[in-house]
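The values are calculated or read from the model by the stated rules, or taken from the named source; none is laboratory data. Only a predicted model underlies this, so the values are computations on that prediction, with no experimental measurement involved. Ideal geometry is used to build each Cβ from the backbone, glycine not excepted, and the neighbour counts take in all protein chains shown.
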Amino acid sequence: MRPANSVDTASEVVPHYSYELPIEEEERFEKLFRQLDVNGDGRIDILELSQSLHKHGVPDNLKESYATKFIQQSDLNQSGDVSLAEFIYYVREHEKKLQLLFTNLDTDKDGRIKVNELIAAFRDLGVAISRQEAAQLLKRIDKDGSLDIGFNEWRDFLLFHPTADLSEIINYWRHSTYLDVGECVAVPDDFTIQEMLSGMWWRHLMAGGMAGAVSRTATAPLDRLKVFLQVHGLNKFGSLVACARHMLHEGGVRSLWRGNGINVMKIAPESAIKFMAYEKLKQYIKSGSPTRDLGIMAEALQKKMQQEVEKFKGIQKEYQTVISSRQQLDSQLTENNGVKEELSLLESDANVFKLIGPVLVKQDLEEARQNVNKRIDYITAETKRLEKTIEDLDKKQDTQREALGKLQQQLQQAQVKAAMKA
């Protein structure tokens, strides 16, 4: 056991241990730290932590945010990375909070959280779940197949969760199977029957639509400025400020939001199509078995199929963009020159799908570009890690050469002394 008052010389902020630790606990913390310390330099940064969190059950779409929050909360000396001392101090304190939460959930105090206790915890937070869903949630943490969970399983599942707030933990627990399929398409877990009957589904849809409308409206001037520069180029106006002045002079302040109506109008049907496609594909995959659990692979396939539906939806989005751009560039927008007239320019419904080929190719190329960029980022990170390893090896070789040189000098001196004595 290490002394309680020993200090980490790297940080000099927090004692290496602010209390005595059992040898088993110390070894567990050090083993976990070594797993996260990818390059073996004795420090953990955001990049290393992001790469390692997937192995600890954190969804891919939460890795970066969780890694950032973990470093911010545990980096006591604000160095941008975490030493072993800082890591042990933070994790130990976080585990204390998780222990308190576990004790509160364990109402019969037998050291295990069971289905009934989980249902009661959700009910206290105002969410009604069925016994079947509670059992499915327990299976996400249960490692030994006992259909209940102990503190060690609870601790390992939530160790990197950035907060000890029960409501946030319950929400993360329930929705920790989100899959990121690109293009900001994130579909939540199923609503329970009680949530469907209570109308929670349409409140979620309405809240998302209203939030989207507010964000679209807030950024509409920047969107119109983008369209102006795409059409005319920066050479015509000379600067962004001059372009903005031109728009104000042309139509006043209201002109900054020209074409915003069509952007707001498409939010609700866009969300409706997304969730409708999700539900229909889910029913198809389940093949009429309402109690069958989709599983990770089925959910991945389902969301990939939904992404293909999103591509076809993007075709109509391209036309909406064209209509919006026309309205933004038209300085004489009147009642007879609005959305209805612009739609009539398409001449027929078939024209909506004229660009199906180019749009699909564009989206596939964009997806390929994103994958290539991710691969480049990974290769860059690995290259830096290898360079650091090579640098460390060079330093070790230099140290060994110096030591060898000293040994040779000592050997020569010993030989000279032996010759003189002889």
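Can we say A67 is within 30 Å of L21 (Cβ to Cβ), crowded, with 19+ Cβ neighbours inside 10 Å and small (G, A, S)?
yes
Based on what the data block shows, is V231 over 30 Å from A207 (Cβ atoms), exposed (fewer than 14 other Cβ atoms within 10 Å of the Cβ) and touching a residue at least 24 places away in the same chain (Cβ under 8 Å)?
For V231, the condition - over 30 Å from A207 (Cβ atoms), exposed (fewer than 14 other Cβ atoms within 10 Å of the Cβ) and touching a residue at least 24 places away in the same chain (Cβ under 8 Å) - is met.
Scan the helices (runs of 4 or more DSSP H) fully inside the stretch 82-143 and keep the ones with 3 or more residues being over 25 Å from the mean Cα position of the chain (by Cα) and within 27 Å of F70 (Cα to Cα).
84-105
Being of a type in the set (A, V, I, L, M, F, W, C) and at pLDDT below 75 is the filter here; which residues of the stretch 230-241 pass it?
V231, L234, F237
Looking at this structure, is S130 in contact with an Asp or Glu (Cβ under 7 Å, 6 or more places away or on another chain) and either not assigned by TED's automatic domain parsing to the domain that holds E27 or not hydrophobic (A, V, I, L, M, F, W, C) (or both)?
Spelling it out, it is not the case that S130 is in contact with an Asp or Glu (Cβ under 7 Å, 6 or more places away or on another chain) and either not assigned by TED's automatic domain parsing to the domain that holds E27 or not hydrophobic (A, V, I, L, M, F, W, C) (or both).
Run K114 past the list (1) at pLDDT 85 or above; (2) surrounded by fewer than 17 Cβ atoms within 10 Å (Cβ to Cβ); (3) not acidic (D, E) and report the number of the one that doesn't hold.
(2)
If you scan the stretch 125-156, which residues turn out to be buried (at least 18 other Cβ atoms within 10 Å of the Cβ), of a type in the set (A, V, I, L, M) and closer than 17 Å to D108 by Cβ?
Residues satisfying the conditions are A134, L138, I149.
Residue by residue, here is whether (1) modelled with pLDDT of 70 or more; (2) surrounded by 11 or more Cβ atoms within 10 Å (Cβ to Cβ); (3) outside the structural domain of V38 (by TED's automatic domain parsing) holds:
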{"site": "K362", "(1), (2), (3)": "no, yes, yes"}
{"site": "V372", "(1), (2), (3)": "yes, no, yes"}
{"site": "L386", "(1), (2), (3)": "yes, yes, yes"}
{"site": "K396", "(1), (2), (3)": "yes, no, yes"}
{"site": "G405", "(1), (2), (3)": "yes, no, yes"}
{"site": "V416", "(1), (2), (3)": "yes, no, yes"}
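Return yes when V214 is closer than 18 Å to E270 by Cβ, part of a helix (DSSP H, G or I) and out of contact with any His (no Cβ under 7 Å at 6 or more places or on another chain) and no when it is not.
yes
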